[in-house]
Amino acid sequence: MQVIEYPKKMQELSEQLRREGKILGLVPTMGALHEGHLSLLRRCRAENDLSVMSLFVNPAQFDRKDDLAAYPQDWEGDFKKAEAVGVDLVYAPTAGMMYPEGYQTYVEVEALTRRWEGASRPGHFRGVATVVAKLFTIVKPHQAYFGQKDYQQALVVQRMVQDLNLDLEVIILPIIREEDGLASSSRNWNLSPEERCAAPVLYKALQAAEARVRAGEQGAEAILERMREIIEAEPLAEIDYIACCHPMRLEPVERITESVVFLLAVWIGRTRLIDNALVEVPAQA
Ligand code: AMP
């Protein structure tokens, strides 16, 4: 497994591989790899001649310095895990290489980023869209893999690719969960044992919502109220937002007559976790 640090070197290699007719896949990550990442990496490996993982904790997408400082890091473990699933190449630049002195160009996706994560974390999606656009330009993948775990992010990336006519396919893969339903996340490393026990409450709330939609309930507010009750019953949990939305536009939905996505962000102690569930509405009898 090759590790490349310099953007120019990565770009030259990608260009050469493309000239040789190789199909390139990219999985962007911020490291501290877990089963969620590994599912994307395995799929990337299976579907491409060469699988590239980027490993870059992108300062531009953190709205709080303390959050960036607390972000878990385990490069040695990451390299081992990446190698074990057959990653061919790791692109791991420094912040200075991605944002050298004088850097001043950013990508902004508009309406889709105004709510939810975008509202709670100002500037977050500007940082995400910018770094993903740069990674696409540097690695030049034919296909790039993202997780549904970061639902709004996946839509933002798809939108950017469409709007900027970027020549690649974005593939979104399902959420990988721990045995008790907690969505795998690098941030789970920061949970104390007590907080770790409390964290599956996000999934419990999503499951309750899903069950009620499947049972034919249409009123979003009543379902959201039930989700709040479930989460508020957990003393270590504090809700940032819970929403029932249109699955593509992410606008709030009041009456559930078509597929919806439930999005939530919840603080468990000092760690902020996000999760979501895309729910199909049963056909009317
Ligand atoms: P991150 O390192 O957190 O930026 O995540 C890198 C990629 O892995 C993103 O596309 C995430 O959506 C995806 N990802 C993170 N957690 C999961 C999960 N539990 N299941 C599936 N994909 C995930």
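The numbers here are math on the coordinates, done by the rules we state, and not lab data. Keep in mind that what you see is a predicted model, and the values were worked out from it rather than measured. Counting neighbours? That spans all protein chains shown, and the Cβs are built from the backbone with ideal geometry, glycine included.
So if we plug the beta-carbon distance of Glu229 and Cys197 into 1/(1 + (r/R0)^6) with R0 = 22 Å, what FRET efficiency do we get, rounded to 0.05?
Working: r = 19 Å, r/R0 = 0.87.
Rounded to the nearest 0.05, the efficiency is 0.70.
Which FRET efficiency, nearest 0.05, do Ala283 and Glu110 yield, Cβ-Cβ r, R0 51 Å? Before the final figure, lay out the partial values.
Numbers: r = 34 Å, r/R0 = 0.67.
The computed FRET efficiency comes out at 0.90.
Quick check for you: which residues of the stretch 160-184 have the amide N under 20 Å from the point 7 Å beyond the Cα of Thr137 toward its beta carbon?
160-170, by backbone N distance to the label point.
Once fully extended, how much extra length lies between Glu76 and Ala46, figured as 0.36 nm per residue of separation less the alpha-carbon to alpha-carbon distance?
Values: separation 30, 0.36 × 30 = 10.80 nm, distance 2.39 nm.
Taking 0.36 nm per residue and subtracting the Cα distance, the gain is 8.4 nm.
Between rounded, prolate and oblate, where does the stretch 186-279 land on the alpha carbon gyration tensor, with a ≥ b ≥ c its root eigenvalues, rounded for a/c under 1.5, else prolate if a/b exceeds b/c? Don't skip to the answer; put the middle values down first.
Working: a/c = 2.44, a/b = 1.90, b/c = 1.29.
The shape class here is prolate.
Please report Val107, Val156 as a ranked list, fewest other C-beta atoms within 10 angstrom at the top and most at the bottom. Provide the component values of the computation, followed by the final result.
Values: Val107 18, Val156 25.
Ordered from fewest to most neighbouring Cβ atoms within 10 Å, Val107, Val156 come out as Val107, Val156.
What is the calculated FRET efficiency for Gln207 to Arg19, with r their C-beta to C-beta distance and R₀ = 41 Å, to the nearest 0.05? List each step's numbers first, then the result.
Values: r = 49 Å, r/R0 = 1.20.
Approximately 0.25, to the nearest 0.05.
Which loop trypsin sites (Lys or Arg not before Pro) in the stretch 245-277, with loop taken from DSSP, have no more than 16 other Cβ atoms within 10 angstrom of their Cβ? Display every interim value, and only then the final one.
Details: sites: Arg249, Arg255, Arg270, Arg272; in loops: Arg249, Arg270.
Hits after loop and neighbour filter: Arg249, Arg270.
Averaging sequence separations of C-alpha pairs under 8 Å and six or more residues apart, then dividing by the length of the chain, give the relative contact order as a whole percent.
Numbers: 500 pairs, mean separation 47.7, N = 285.
Result for the chain is 17 percent.
Mind ranking 109-115, 136-142 by how tightly packed they are, going by the mean number of other C-beta atoms within 10 angstrom, highest first?
Details: 109-115: 16.3, 136-142: 20.4.
Averaged packing, sorted descending, gives the order 136-142, 109-115.
With a ≥ b ≥ c taken as the square roots of the eigenvalues of the C-alpha gyration tensor of the stretch 2-173, please select rounded if a/c is under 1.5 and otherwise prolate if a/b is larger than b/c or oblate if it is not?
Details: a/c = 1.39, a/b = 1.28, b/c = 1.09.
Rounded shape, in that the Cα axes give a/c under 1.5.
What angle, in degrees between 0 and 90 and rounded to the nearest 10, separates the Cα long axis of helix 35-47 from the longest principal axis of the Cα atoms of the chain?
Here the helix axis deviates by roughly 50 degrees.
About the Cα centre, and with charges only on the beta carbon of Lys, Arg (+1) and Asp, Glu (-1), how big is the dipole of the stretch 186-279? Nearest 20 debye, please. Please report the intermediate quantities before stating the final value.
Details: 11 positive and 15 negative charges, 53 e Å.
Around 260 debye, computed over the stretch 186-279.
Kindly list the residues of the stretch 42-75 that lie in the label zone of Thr94, defined by a backbone N under 16 Å from the point 7 Å along the Cα-to-C-beta vector.
56-59
Specify the inter-centroid distance of the stretch 62-88 and the stretch 1-54, based on alpha-carbon positions, in whole Å.
Computed from Cα coordinates, the inter-centre distance equals 15 Å.
What distance in nm separates the two pseudo spin-label positions at Trp189 and Asp167, each 7 Å out from Cα along the beta-carbon direction?
3.7
What is the sum of charges, Lys and Arg at +1 and Asp and Glu at -1, for the other residues whose Cβ falls under 15 Å from the Cβ of Arg212? Before the final figure, lay out each step's value.
Working: positive: Lys204, Arg214, Arg226, Arg228, Arg255; negative: Glu210, Glu217, Glu221, Glu225, Glu229, Glu254, Glu280.
Surrounding charge for Arg212 is -2.
Each residue of the stretch 140-155 in turn: what ³J(HN,Hα) in whole Hz from Karplus with 6.51, -1.76, 1.60 and θ = phi - 60°, glycine and Pro shown as x?
Working through the residues one at a time gives 6, x, 7, 9, 10, 10, 9, x, 5, 3, 9, 4, 5, 4, 4, 5 Hz.
Angle between the Cα long axis of helix 124-139 and the longest principal axis of the chain, 0 to 90 degrees, nearest 10?
30
Sorted by packing (mean other beta-carbon atoms within 10 Å per residue), highest first, where do 65-74, 79-88 land?
79-88, 65-74
Sort Ser54, Ser186 by Cβ crowding within 10 Å, fewest neighbours at the top. List each step's numbers first, then the result.
Working: Ser54 26, Ser186 19.
Neighbour counts put them in this order, fewest first: Ser186, Ser54.
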